[in-house]
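Working notes for the structure below.
The values are calculated or read from the model by the stated rules, or taken from the named source; none is laboratory data. Here the structure is a predicted model, which means the values were calculated and not measured. Virtual Cβ from ideal backbone geometry, glycine too; neighbours counted across all protein chains shown. The accessibility values were calculated without ligands, DNA or RNA, using every heavy atom of the protein model including side chains. Shrake-Rupley method; radii C 1.70, N 1.55, O 1.52, S 1.80 Å.
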Amino acid sequence: MQAKITVLPSETIATINPNLYGHFAEHLGTCINQGVWVGEDSKIPNIAGLRDDIIQAFRKIAPPVIRWPGGCYADDYHWQNGIGPKRDRPKTVNVWWGQTIEDNHFGTHEFLNFCRLIGAQPYLAGNVGSGSVREMRDWVEYCNYDKPCTLAMQRSANGSPMPLGVKYWGVGNEAWGCGGNFCPEDYAAEYKRYATYLRDFGNTPLYLIACGPDGNKADWTRRFFKKLAGADQRFGCRIHGFAAHYYCGTAGTATEYSTDQWYELLHKAVGVEQLIVEQRAIMDEFDPQRKIGLILDEWGTWHPPTPGRNPNHLWQQNTLRDALVAAITLDTFNRNADKLVMANIAQAVNVLQALFLTEEEKLVLTPTYHVFDMYQVHQGGRGVRTEIESPTVSFAVGEEKRTMPTLAGSASIKGSMLTITFTNVHARIPIEAEIKLPAFSARDAELTVLTHADLHAYNLFDEPEVLSPARSIIHIGADTRMTFSPASVTVIRMKL
Ligand code: AHR
């Protein structure tokens, strides 16, 4: 099969916001407890209770931002439960995720410490559903106020004399569902009330994020902004971000799928582009200068419950197919760097499309982790346009026949380095492509490929490198022919 790729370095899209490579960690199953957090007394090596191996591996992929404490959990989380001496913290029930008992040992300070150790910005999701404006404004004051008010002194007594400087604040989560079952108009009214009292302190201007739709629902977005803008088309309150959620879901199960189901899921992942383009277009009607950023603060695969695991804990295996979902999605973000400002994969550890799986002291880096590692070089780069002429592949979804291009990708330039990333979704056939780099003189390039002969391959605790990126050097010129293996993710990096 033949394809043609033309990279157009002079056709800039926008700077790729590093926050497009963001993360999400919720009190759900073993994401926090037994995942990120093992406690100071654990035999598992830790830094102040935080798993050392996760910290080290996370740091390597330069996580720009991480969202916490939920998810649905955010709208039933009361931050005061998670500060102060651990022995005094209440034991609460996690109503959303299996009614497990939460000891609140991982709270604001532990999360901020984790962010500091992995080098990510914190993004706190506030409680609108079961909380109050006062509770959330106090959380902001507790974290960010820089003079000795009572809350700042309490923060200091709890170990952080300096303000924590939290910029990103979500005003609830999934307001249309577990965040309070609002209609868009009621949520807009609620949002206004919250935004009025969430104030900037010291050197940390807040970035306030409103709840966007479930998937690409135009109705939620239009009605929310219509109500927020009022008749005079002025928002009358601060809003910096608007966050949709997009789960591409599943086809088959996490590890068992036919070739048609392989394509079906990858095709669903491709659907995120339509969301980004259409949601941004609706926002543009109200915000033509794009002062409000479109965010996707939850995305990823969501497979059926894994037999033998608590179905409320959303633990799933992560195969080569999940890696292709991640790569397709990140390439889509890069290509739409002018429309999207942040995205957070769901979730970091042991939940949904996790980057890390843990079992006692063992840790596995999933294929999705490797894609984040391979693609991190795009962060902060200048997205540039690529033209890809690719053969298509046909597949069946039930009775219906569908097609999708086999090859897709994105490109960026950072300093003097050009990075091009591709996926070949074809399950069996390599794609031979002609790569055109106009006005480019021949040189060596770094090639990194993630693939496997088995479409269902995944990393095991006892065999953690079934899937890991293979690196080599190739020679590339203005006009080069290259073969992309079936079911593969490829990164090419070279000096311009
Ligand atoms: O990521 C799991 C859940 O999915 C989140 O808690 C919720 O926001 C979404 O429905």
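Only one of L363, L352, L314, L324 is more than 16 Å from the ligand (Cβ to nearest atom) and crowded, with 23+ Cβ neighbours inside 10 Å. Can you tell me which? Write out each step before concluding.
Working: L363 fails: crowded, with 23+ Cβ neighbours inside 10 Å; L352 fails: more than 16 Å from the ligand (Cβ to nearest atom); L314 fails: more than 16 Å from the ligand (Cβ to nearest atom).
None of the other options fit; the residue is L324.
Let's see how each residue does on (1) within 23 Å of the chain's Cα centre (by Cα); (2) farther than 24 Å from L314 by Cα; (3) small (G, A, S):
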site: I66; (1), (2), (3): yes, no, no
site: G82; (1), (2), (3): no, no, yes
site: A125; (1), (2), (3): yes, no, yes
site: R134; (1), (2), (3): no, yes, no
site: W139; (1), (2), (3): no, yes, no
> Within segment 420-434, how many residues turn out to be hydrophobic (A, V, I, L, M, F, W, C) and in a strand (DSSP E or B)?
Replying inline: 4
> When only residues in segment 78-101 that are within 20 Å of A125 (Cα to Cα) and β-branched (V, I, T) count, which is least open to solvent (accessible area, probe 1.4 Å)?
Replying inline: I83
>> Looking at R51, R87 in this structure, which one is without any contact (Cβ under 8 Å) to a residue 24 or more places away in the chain and more than 30 Å from R385 (Cα to Cα)?
In response: R87
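Show me the strands (runs of 3 or more DSSP E) found entirely inside segment 1-84 where at least 2 residues are within 24 Å of T368 (Cβ to Cβ). Walk me through it before giving the result.
Values: elements: 2-15, 22-24, 65-68.
Because the criterion is at least 2 residues that are within 24 Å of T368 (Cβ to Cβ), the strands (runs of 3 or more DSSP E) in segment 1-84 that meet it are 22-24, 65-68.
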> Which residues, counting only those in segment 295-320, are in contact (Cβ under 8 Å) with a residue 60 or more places away in the chain and among the hydrophobic types (A, V, I, L, M, F, W, C)?
Replying inline: I295, L314, W315, L320
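So that you can scan it fast, the table gives a plain yes or no per residue for (1) over 26 Å from P469 (Cα atoms); (2) open to solvent by less than 40 Å² (accessible area, probe 1.4 Å); (3) in contact with a His (Cβ under 8 Å, 6 or more places away or on another chain); (4) assigned to a strand (DSSP E or B):
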| position | (1), (2), (3), (4) |
| --- | --- |
| T368 | no, yes, no, no |
| V371 | no, yes, no, no |
| V377 | no, yes, no, no |
| G380 | no, yes, no, no |
| R385 | no, no, no, yes |
| V393 | no, yes, yes, yes |
| A396 | yes, yes, no, yes |
| R402 | yes, no, yes, yes |
> For segment 239-271, which residues satisfy the criterion of being more than 17 Å from T368 (Cα to Cα), aliphatic (A, V, I, L, M) and within 16 Å of the ligand (Cβ to nearest atom)?
Replying inline: A243, A244
> If you take the residues of segment 166-195 that are among the aromatic types (F, W, Y) and more than 12 Å from the ligand (Cβ to nearest atom), which of them is most open to solvent (accessible area, probe 1.4 Å)?
Replying inline: F182
> Just a yes or no: is a residue in segment 199-217 closer than 17 Å to L124 by Cα, hydroxyl-bearing (S, T, Y), open to solvent by 40 Å² or more (accessible area, probe 1.4 Å) and in the same structural domain as A120 (by TED's automatic domain parsing)?
Replying inline: yes
